Structures are given as structure tokens and as C-alpha cells.
Amino acid sequence: MSQLILFAIDIGAVVLLVFGLYFPRHRRRDLVVAYLGVNVGVLAVASALSASNVGAGLGLGLALFGVLSIIRLRSTELDQHEVAYYFSALALGILGALSTTSVWLSAGLMGLILVVMFLGDHPRLLRHYRHQIMVLDSAVTDHVTLVAQLEQLLGARVHVATVQRLDLVNETTVVDVRYSVKGRATRASATPAKAGAAR
């Protein structure tokens, strides 16, 4: 009976994770089925292994290897917060499948995961900090000059500027910029000739 309660708690937790946290904040529909599938798949496999003679550790290791392979061999790009949601869905499935002496302990750990994801991915947490890939229509070789130009274009304070590509022939500079805006400037006011999408 306690196992069925854990199953129900897990389903409720992953539904809250996906439809209460992830989708309202990021609106990426294709990952909804991925998170649900990972959670229910791990829940089913781990439950079956815990009821058989096969070691649960082996099964969980295979599940982790499978998820890591999916993430590594993905065809579309995933941001770090999306990887975090992957592992949260995985952890919820494992906690729902493991038989423990206390149902409330597993339920509490599931709640802890949800709380951490709610706070860690909250839009107001470090909201003034931005990350953007920019393509400048000039080849800038001096770092100080590059930072000054980026700050002027973005109207923000640049913390890190990493040159990814410097083309002296076509006179372009591809730079990874991490910067912060203040006050009402909640959006980067980047107006270069060419600018990549913000991440």
C-alpha cells in the first residue's frame, strides 16, 4: 500500500514540476513529454527491479547512463536549467520507486526537489544578469576596447567577455557576453549590426 502511495506522490510531484514550474516559465512543449517519460520510465524500471532478484543498484545505474546518453547525444540544444529539470524528473522517479521505511521521508525529499527547483529557477533570482552571444561587425583584438564597446552597445556592465571567434578577413568578432543590467532595464538593449539570440 505504501508503494502505491509513493507512486501517487511521484506522479503528483512530476506533474507539478512540469506543468507548475517548467512549462509556465519556459514554454518548451517538446520537453514536457521528455520529462514525463523519463520520470515514469525510471519509476517503472526501478520498481520492477526492486521486486526482482536483479540488483536495484544495477538498474538505477543503467537508468542514469541512459539519461546521460540522451542528454549528451541530443539533436537539439538544451540549456543548463533544462538539464536540471531532467535530473529532477529522474530523481523523483527513483524516490517514488525505492522502498523505504518511511513514506513521508521519500515524500519530503520529493518536496525538497520541487522547492529547490522553484527557487533556483525563479525569474526574480538574479534577474538582472544576462548571457548573450554577440556578433560584432568589426574585428576587436584589444580586450579593454571590446568590453567598452559591448558596454556601450548593451547599456550594461559587462562581467565576462569571451571571444569565441575573431575573423580579421571579414572583420567580425563573435563574443560570449555575461553582463548585468540595473533598475528598469530588464531587457538587454543590444543594437549591434549583428547580434545572436540571448540565452
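The values are calculated or read from the model by the stated rules, or taken from the named source; none is laboratory data. No experiment lies behind these values; they were computed from the predicted model shown. With ideal geometry, Cβ positions are generated from the backbone for all residues, glycine too; neighbour counts draw on all protein chains shown. These area figures cover heavy atoms from the full protein model, side chains too; ligands, DNA and RNA do not enter into them. Shrake-Rupley method; radii C 1.70, N 1.55, O 1.52, S 1.80 Å.
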Which listed residue, of L136, L166, is open to solvent by 30 Å² or more (accessible area, probe 1.4 Å) and either touching a helix residue (DSSP H, G or I) at 6+ places or on another chain (Cβ under 8 Å) or not hydroxyl-bearing (S, T, Y) (or both): L166
Those residues of the stretch 164-181 which are farther than 16 Å from I133 by Cα and among the charged types (D, E, K, R), in sequence order: E171
Selection count, the stretch 105-133, where residues are open to solvent by less than 50 Å² (accessible area, probe 1.4 Å) and without any contact (Cβ under 8 Å) to a residue 24 or more places away in the chain: 1
